[in-house]
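Following: one structure in C-alpha cells, then a few remarks.
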Amino acid sequence: MSVASLQNENNPYPCVVIVSSEFPPGPGGIGTHAFEMSRQLHRLGWRVRVLSMQDYASDEEIKQFNDAQPYPIVRLPSQCGALRGVSRRLRLLKEQFQQLRPHVAMATGGPMVWLTALATRRAPIPYLAVGHGTEFGVRRGLHARLLRWGFERAEAVVCVSEFTKKQMLAMGIRSRRVQVIPNGADGGRFRVLKPEQRLQARRELGIGEQTPLLLTVGSVTERKGQEVVIRSLPELLKQIPQAHYAMIGLPVRQTELTRIAQELGVADRVHFLGRQDNEAVVRFMNACDVFVMTSVKTREGDCEGYGIAAVEAALCGKPAIVSAGSGLAEAIVDGVTGVAVPENCPQETAWAIARLLQDHALRQQFGQAALERARREQQWEQRALEYDRLLRSLLPDARIRLAPEQAVTTSG
C-alpha cells in the first residue's frame, strides 16, 4: 500500500490509524488489544494502518508476521535512549499522519496517547485514547502531566474495565467522553481441544493425566503475581500433594522465583516454560485444571487493568482464580466462573485453589459457566462492534459515519 492519503471522497469505507506501544508477534496485553482491534476493524470494513513498536521478537519473526497481515504495519523505533527515542517516534508519527490523512486515529498504550496528541496538534484528526490501567499508576512528574494532557485532549477515551476508569479518575484525568469496553479473547484460536492434545501438553511437562495442574500465562514479572502462587504451594501441597504449577511467558524473574521455590522446597513442582507459540499456549490451557492469575500492584503503581488471559482460559473451558480489587475481577464472575482472592495473599490463594481441585463437580461447573459466558459476550468480535460505533461517532463526515453498506446505498 502506498503512502498516499488513505482518504478518498468516493470511498465509503473510513480510515483509521492505530498507534500502539506494542504489537505482536511479541507478547503483551496492549499489543493483543491493538492487534485484535486492527483485525476486527479491517473485517468490519475500515481501512487500517498500524504504527507501533514491536519488541521481544526477532526481526525475521516480525517481518513474517507483518507480511501476513491484510493491512500495512509501520514499525516505530524501539527504546534507544529516552529523549532520542521519543523524538524519532514523534517525527515518524507526524510524517505518517501528514501523508495518510486518516479520518480518525486510535492511540493505545500510555506514551502513544500523548505522542499522538503531539503529532495531531496541527492536524484536524480526531483520536480515541485507550486506557489499560497500567499507565495510570504514575501520578507525578512530567510523564504524568503528559498523560493527563494526552487523554484529556482525546475526542473520547475507552477504559478496558471499570477498575481502569477509577484509576484514570484518581489520576485527575477528566475526559470529555469516557466509555468502558472490556477486553475480549479470540474464540477462533482459544477453544476446547480433544483429550489427546491435552495429554500431549502434560507429557511435555512429565506429569500424568490425573496430576493436578495450575497454569499462568503472562510475562513472569512482579505485576503478574507468579510469586504469589509459588508462595501458596507449601500450603496447597498439604491438601493436594501432587499439584504442579506451570508458567508461560517471558521469564523475566525466573532466576529469582526459582530461588524462592527452592527455599520453600517446591522447586520440583514449578515449571517455567518461557515463550510458547500460539498452539502450545492453547494446549497448555486445555491441559490445566485451574487457571491462576494473582496479579499485584507494584511499588511503581503498575496494576492489572483487565485479564485477557483469564477470558482465553475460559474459552478453553477453565475456571480462573484471580486477584480481587483489580481489573482481573471483571474478567470473571466471582463464585460462578471463577474465584477472586485477596491480592498478594498466598494462604487465601492456596485455599481457593484447593477448593476447586478437590471438588471435581464444582470445577467442571465453573469451567462450563466460564466457557458459556466467554462465547456469549467476551469475544473480540463483540467488543469490536462497540469500538466501531464509537469510532464512527467521531468521524467529521456524517455520510462516512454510516456502515459501508448504508453509505453505498445513500450514495446511489
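Pairwise Cα distances in the range 280-384 exceed 17 Å for 50 percent of all pairs.
Could you list Arg75, Arg47 in order of exposure, starting from the residue whose Cβ has the fewest other Cβ atoms within 10 Å?
The most exposed by this proxy come first: Arg75, Arg47.
Given 20 °C and 1.002 mPa s, how large is the Stokes-Einstein diffusion coefficient of the range 195-377 in µm²/s, with Rh as the Kirkwood radius over Cα pairs?
134 µm²/s
Exposure proxy shown here: for Lys297, Lys165, Lys194, Lys318, the number of other Cβ atoms within 10 Å sets the order, fewest to most, as Lys194, Lys297, Lys165, Lys318.
Placing +1 at every Lys and Arg Cβ and -1 at every Asp and Glu Cβ, with all other atoms neutral, what dipole size does the chain have around its Cα centre, in debye to the nearest 20?
For this selection, approximately 1320 debye.
Taking the Kirkwood radius as Rh and the Cα radius of gyration as Rg, the range 41-84 has a ratio of Rg/Rh equal to 1.06. Quick one: what does P(r) look like for the range 293-341 with 5 Å bins over all Cα pairs, in whole %? Reading the bins upward from 0: 6, 25, 33, 21, 10, 5, 2.
The three principal axes of the C-alpha atoms in the range 240-341 carry coordinate ranges of 34, 34, 30 Å, sorted with the longest axis first. Per-residue ellipticity at 222 nm computed for the chain from its helices equals -14000 deg cm²/dmol, with DSSP H segments shorter than 4 residues left out and the rest contributing -39,500 (n - 2.57). Shape summary: the chain maps onto an equivalent ellipsoid whose semi-axes, from the alpha-carbon gyration tensor, are 39, 23, 20 Å in decreasing order. Restricted to Cα atoms, the range 84-185 shows a radius of gyration and a Dmax of 13.3, 37 angstrom.
For the range 131-198, the spread of Cα coordinates along the three principal axes comes to 53, 23, 16 Å, biggest extent given first.
By the beta-carbon count within 10 Å of each Cβ, the least crowded to most crowded order of Phe35, Phe291, fewest first, is Phe35, Phe291.
Taking a straight Cα-Cα cut-off under 22 Å and skipping sequence neighbours fewer than 8 places away in the same chain, the lysines within cross-link reach of Lys166 are Lys224, Lys297. The convex hull drawn around the Cα atoms of the range 143-275, when projected onto a plane and averaged over every direction, covers 11.5 nm².
How fast does the range 183-225 diffuse by Stokes-Einstein, in µm²/s, taking the Kirkwood radius from C-alpha pairs at 37 °C and 0.692 mPa s?
Working: Rh = 12.9 Å.
Once the numbers are plugged in, D ends up at 254 µm²/s.
Scaling against 2.2 N^0.38 Å puts the C-alpha radius of gyration of the range 218-289 at 1.09. What translational diffusion coefficient, to the nearest whole µm²/s, does the range 48-140 have by Stokes-Einstein, given a Kirkwood radius computed over alpha-carbon pairs, a temperature of 4 °C and 1.567 mPa s viscosity? In µm²/s, the coefficient is 90.
Computed from the coordinates by the stated procedures, all read-outs in this text should not be read as laboratory data. This is a predicted model, so every value here is computed, not measured. Quick reminder, even Gly has a Cβ in these numbers, built from the backbone with ideal geometry, and neighbours come from all protein chains shown.
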